[in-house]
Amino acid sequence: MDPIFKRIILKVSGEALAGNGKNGIDINTVKKIAEEIKKVQELGVQVSIVVGGGNFWRGRTAGYIERTTSDHMGMLGTVMNGLALRDTLEKIGVETRIQSAIDVKQVVEPYTKIKAIEYLEEGQVVIFVAGLGNPYFSTDTAAALRAAEIDAEVILSGKTGVDGVYDADPNIVDNAIKFENLTYMEILNKGLEIMDSTATSLSMENNIPLIIFGIDNPRNIVDVVLGKEIGTTIKGD
């Protein structure tokens, strides 16, 4: 089978990198995800990745710590995740770049659209870290904005614990109904907590499709790129 996309944004949550644990990085899980990313790249797909940081810190739920400070801590968590993923990809022969929305130039280079596209066209994987570099904006919003900026055809969002979008939590509600297809407006109207409203609106305005799929089985990354009907596809009206 041939891939149905030429340039993608893969959104990988911090929790996905933690494996069966809730915190930190499980290197065996990272290896499995990296191996599937390599397979996607070998199909001729230009791969960019936005990583979350929830395995280290979740800014919006920090409580006692002031929100701006807390969000900056979360951004640093995404940098750590990006470094782990880059190192793992490099070890299996995938040339990889990291671009950060905050200035940590001693560690990774700053984000620029032109350089990101240049790297992708050269066949390198590009990892975007630190979200948008601003507090109060999630990494989901970062994925939506980066997708618009680099002209990605789709955002592929790998989730842990679920294999798509449901009308209720399938881990709690036995008869929860899975949606195969949705529109962004339905996401907003139904109040489905798939991504925050800013990210949803931004994706809708730029007509960028979103596919939500389960990443507990990393093989799904390849399958969704090949067009297999897994997960939930979300598009404009």
> Which of the trypsin sites (Lys or Arg not before Pro) found in the range 1-33 are in a DSSP loop and have at most 14 neighbouring Cβ atoms, other than their own, within 10 Å?
Replying inline: K6, K22
>> If I model a spin label as a point 7 Å beyond the Cα along the Cα-Cβ vector, how far apart are those points for Y64 and N28 in nm?
In response: 3.5
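Is the range 16-146 rounded, prolate or oblate when judged by the Cα gyration tensor, a ≥ b ≥ c being the square roots of its eigenvalues, rounded requiring a/c under 1.5 and prolate requiring a/b larger than b/c? All intermediate terms of the calculation are to be shown ahead of the outcome.
Values: a/c = 2.17, a/b = 1.37, b/c = 1.58.
Oblate.
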> How far is it, in nm, from the label point at E121 to the one at N134 when both lie 7 Å from their Cα along the line to the Cβ?
Replying inline: 2.8
> With a ≥ b ≥ c the root eigenvalues of the C-alpha gyration tensor of the range 173-218, is it rounded (a/c under 1.5), prolate (a/b larger than b/c) or oblate?
Replying inline: oblate
> How many angstrom lie between the C-alpha centres of the range 104-150 and the range 35-50?
Replying inline: 16
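Which of the DSSP-defined H helices in the chain satisfy a minimum axial length of 24 Å, computed from C-alpha atoms, and a minimum mean Kyte-Doolittle hydropathy of -1.0? Don't jump to the answer; show the numbers that get you there.
Values: long enough: 67-91 (36 Å, -0.32).
Long hydrophobic helices here: 67-91.
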>> Going through the cross-link list K159/K235; K159/K228; K11/K31; K22/K91, which pairs have a Cα-Cα distance over 20 Å in this structure?
In response: K22/K91
>> Students often forget the sequence filter, so: which aspartates and glutamates lie under 18 Å Cα-Cα from K115 once same-chain residues fewer than 8 apart are removed?
In response: E95, D103, E149, D151
>> So with the 1.4 Å probe, I'd like the accessible area per residue for the chain, rounded to whole Å².
In response: 48
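Considering only protein heavy atoms and a probe of 1.4 Å, how much of the accessible area of the range 155-237 is carbon and sulfur, as a whole percent? Intermediate values should be presented prior to the final figure.
Numbers: 1820 of 4120 Å².
Result for the range 155-237: 44 percent of the exposed heavy-atom area is carbon or sulfur.
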>> If I build a Gaussian network model for the chain, linking alpha-carbon pairs within less than 10 angstrom, which residue out of S70, S203, S138 has the largest mean-square fluctuation?
In response: S70
> Along the Cα-to-C-beta direction of V173, a point sits 7 Å from the Cα; which residues of the range 180-215 have their amide N less than 14 Å from that point?
Replying inline: 190-194
> Stretch E90-T198 to full length: gain in nm at 0.36 nm per residue minus the Cα-Cα span?
Replying inline: 35.5 nm
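Set the Förster radius R0 to 30 Å, insert the Cβ-Cβ distance between T183 and L43 as r into 1/(1 + (r/R0)^6), and round the FRET efficiency to 0.05. Before the final figure, lay out the partial values.
On the way: r = 28 Å, r/R0 = 0.95.
Efficiency for this residue pair is about 0.60.
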>> What is the sum of charges, Lys and Arg at +1 and Asp and Glu at -1, for the other residues whose Cβ falls under 13 Å from the Cβ of N55?
In response: 0
> Remind me, relative contact order of the chain in percent, using alpha carbon pairs under 8 angstrom and six or more residues apart?
Replying inline: 22
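Taking square-rooted eigenvalues a ≥ b ≥ c of the alpha carbon gyration tensor, is the range 87-237 rounded, prolate or oblate, where a/c under 1.5 means rounded and, failing that, a/b exceeding b/c means prolate?
Working: a/c = 1.94, a/b = 1.54, b/c = 1.26.
It comes out prolate by the Cα gyration axes.
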>> On a 1.4 Å probe surface of the protein chains, which of E149, E35, E205 comes out largest in accessible area, and what is the full order?
In response: E205, E35, E149
>> With an 8 Å Cα cut-off and a minimum separation of 6 or more residues, compute the relative contact order for the range 41-153 in percent.
In response: 32
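The values are calculated or read from the model by the stated rules, or taken from the named source; none is laboratory data. This is a predicted model, so every value here is computed, not measured. In this analysis, Cβ positions are derived from the backbone assuming ideal geometry, glycine residues included, and neighbour counts consider all displayed protein chains. Remember, those area values only see protein heavy atoms, side chains included, never the ligands or the DNA or RNA. Shrake-Rupley method; radii C 1.70, N 1.55, O 1.52, S 1.80 Å.
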